[in-house]
Amino acid sequence: MAASASVRSSMGLTLRLSRVIPDCRTCPLYRLKSCVNSAANSQRRGSFDSFRTINRHLQTSIGLYQSEEGSSNAEDTGDVVNVVYIDRSGQRIPVKAKVGDNVLYLAHKNGIELEGACEASLACSTCHVYVSAAHFDKLPVPDEREDDMLDMAPMLQENSRLGCQIILTAEHDGIELTLPKVTRNFYVDGHVPKPH
């Protein structure tokens, strides 16, 4: 599968931790002279000596996928991918997307009725689309899980793919995605899907 473009933001954080070192004179092992730290801790006298400060540096990162953040407000023309959805009635709906956008989430964001009942977890075939012949070979080969889900899609064709598995790249500019006339979904017939 093509690596999806993601934006990683990283945040460094330094924590200052204070650790209390126990007073060995109150420990029963100290009285028995069995404590390995008894000699070292008997040297401590002041109350400030029983505290030691440790600095720890933690690094965190948050993975944000462009499609999840609705980043399709493409202003840089190098990142714009023109996508045309053809709905069930045959109406052509042009959409401007960005490199890294997911076809399913892009459809939801633009009010196109592409269901995606499993929320892109490869557990259904409700985001089934037909990819234009000019762009079909530019997509990465579907993995075995996608093929298994496509086998359950009604009206399967040679150019069928799951929209949740298509991540747009610059070479997909002008791609046309046709929604099949029917889908096998988890909802009552006539249900209009809404983005989650």
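Evaluate E = 1/(1 + (r/R0)^6) for residue 91 and residue 145, where r is the Cβ-Cβ distance and R0 equals 35 Å; express this FRET efficiency to the nearest 0.05.
Between residue 91 and residue 145 the formula returns 0.65.
What are the residues whose amide H is under 5 Å from the amide H of residue 128, where those residues sit 5 or more places off or on another chain and H is modelled from the backbone?
163
For the stretch 117-165, what does the accessible surface come to per residue with a 1.4 Å probe? Please give it in Å².
With all protein chains present, the stretch 117-165 gives 48 Å² per residue.
Which stretch or stretches of the stretch 139-173 have amide N atoms under 18 Å from the point lying 7 Å from residue 122's Cα along the Cα→Cβ direction?
139-153, 160-168
State the dimensionless ratio Rg/Rh of the stretch 112-191 (Rg: radius of gyration of Cα atoms; Rh: Kirkwood radius).
We get a ratio of 0.94 for the stretch 112-191.
In whole percent, how big is the carbon plus sulfur part of the accessible area of the stretch 98-139, probe 1.4 Å, protein atoms only?
Answer for the stretch 98-139 is 48 percent, counting heavy atoms of protein chains only.
With label points built 7 Å along Cα→Cβ from the Cα atoms of residue 82 and residue 182, find their separation and express it in nm.
Roughly 3.5 nm, to one decimal.
Starting from the amide H of residue 177, placed 1.01 Å from N in the peptide plane, find each other amide H under 5 Å away whose residue is 5 or more places distant or on another chain.
Residues meeting the criterion, in which the H sits 1.01 Å from N, are 84, 85, 86.
If the only charges are +1 at each Lys and Arg Cβ and -1 at each Asp and Glu Cβ, what is the size of the charge dipole of the stretch 71-153 around the Cα centre, to the nearest 20 debye?
420 debye
The values are calculated or read from the model by the stated rules, or taken from the named source; none is laboratory data. This one's a predicted model, so the numbers in the text were calculated from it and none came from an experiment. Every residue, glycine as well, gets a Cβ built from its backbone with ideal geometry; the counts of neighbours run over all protein chains shown. These area figures cover heavy atoms from the full protein model, side chains too; ligands, DNA and RNA do not enter into them. Shrake-Rupley method; radii C 1.70, N 1.55, O 1.52, S 1.80 Å.
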